[in-house]
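**Student:** What follows is a single structure, and I will ask about it in a moment.
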Amino acid sequence: MFGRILTKLEDILHLGGCLSLVAVAALLNADILLRLFFNRPVQIQFELTELYLMPALATLSLSRVFRDGGHLALDFVPEHLPGLLGSFLARGRLLLAAAFFVAVTWMSGKFALKAISHGDVEYGALDWPLGWAYAIIPLGCGVLGLRLFHDAFSNKAVAQT
């Protein structure tokens, strides 16, 4: 049950990351074309892209991409080792990565919560609330941490060895 809910959440966040990429492309092209033909930039393009869209496209798809096996990896031991040692190393590798992403989630979550509670704002074409921009990072990294823990304690880590 937890795995199915996690999969749906990953798919929803991945869709958000993909839509962020489409929005970046659309805003950049609109800005270019409006500057070229009408000498009128899209005023919010830079700040919206920098604060919200780039973090979203960088982190919201992390867990889905990992689940699908599309991630980049630096392997320091062979991926599939037989027996108990292989199972231990497979789980250990997932748990080390999970610990890292939980730490990123914790620290970025504290940072986002502080910005939300203090009402931090980026002044520009619009006044952008920074806390909500920062909250994207712990969301994406937190779901990846859940996926890594889920995979480490499921039979998937053992089946790969």
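The values are calculated or read from the model by the stated rules, or taken from the named source; none is laboratory data. Note that the coordinates shown come from a computational prediction; the quantities given were computed from them, not determined experimentally. Please note: Cβ atoms are built from the backbone with ideal geometry, for glycine as well, and neighbour counts cover all protein chains shown.
**Student:** Any residue at all in the stretch 86-102 that's closer than 29 Å to Phe46 by Cα and surrounded by fewer than 18 Cβ atoms within 10 Å (Cβ to Cβ)? Let's see the steps before the verdict.
**Tutor:** Going residue by residue through the stretch 86-102, those that are closer than 29 Å to Phe46 by Cα are 101.
Okay, now just the ones that are also surrounded by fewer than 18 Cβ atoms within 10 Å (Cβ to Cβ), so none.
No, there is no match, as no residue in the stretch 86-102 is closer than 29 Å to Phe46 by Cα and surrounded by fewer than 18 Cβ atoms within 10 Å (Cβ to Cβ).
**Student:** Could you check the stretch 87-116 and list, in sequence order, the residues that are among the small types (Gly, Ala, Ser), more than 15 Å from Cys141 (Cβ to Cβ) and without any contact (Cβ under 8 Å) to a residue 12 or more places away in the chain?
**Tutor:** Step one: filter the stretch 87-116 for residues among the small types (Gly, Ala, Ser), giving 87, 90, 92, 97-99, 103, 108-109, 112, 115.
Those still in the list that are more than 15 Å from Cys141 (Cβ to Cβ) too: 87, 90, 92, 115.
Within the stretch 87-116, Gly92 is the sole residue that qualifies.
**Student:** Please work out which residue is nearest to the chain's Cα centre (by Cα), limiting yourself to the stretch 16-56 and to residues that are among the aliphatic types (A, V, I, L, M) and within 18 Å of Cys141 (Cβ to Cβ).
**Tutor:** Looking only at the stretch 16-56, we keep the residues that are among the aliphatic types (A, V, I, L, M), and these are 19, 21-28, 30, 32-34, 36, 42, 44, 48, 51, 53-54, 56.
Restricting the remaining residues to those that are within 18 Å of Cys141 (Cβ to Cβ) gives 51, 53-54, 56.
Working: Leu51: 14, Leu53: 11, Met54: 10, Ala56: 6 Å.
The selected residue is Ala56.
**Student:** Counting only residues that are at pLDDT below 80 and in a helix (DSSP H, G or I), which one in the stretch 60-85 is nearest to the chain's Cα centre (by Cα)?
**Tutor:** The initial filter retains those residues of the stretch 60-85 that are at pLDDT below 80, namely 71-83, 85.
In the following step, the residues that additionally are in a helix (DSSP H, G or I) were identified as 83, 85.
Numbers: Gly83: 33, Leu85: 31 Å.
Result: Leu85.
**Student:** May I ask you to list the residues in the stretch 110-147 that are closer than 19 Å to Met54 by Cβ, over 11 Å from the mean Cα position of the chain (by Cα) and assigned to a helix (DSSP H, G or I)?
**Tutor:** Phe111, Ala112, Ala115, Leu130, Gly131, Trp132, Ala133, Tyr134
**Student:** Right, next: Can you find a residue that is under 30 Å from Tyr123 (Cα atoms) and buried (at least 17 other Cβ atoms within 10 Å of the Cβ) anywhere in the stretch 33-42? Spell out how you get there, then give the answer.
**Tutor:** Within the stretch 33-42, the subset under 30 Å from Tyr123 (Cα atoms) is 33-42.
Keeping just the survivors that are buried (at least 17 other Cβ atoms within 10 Å of the Cβ) gives 42.
Yes, the stretch 33-42 contains a residue that is under 30 Å from Tyr123 (Cα atoms) and buried (at least 17 other Cβ atoms within 10 Å of the Cβ).
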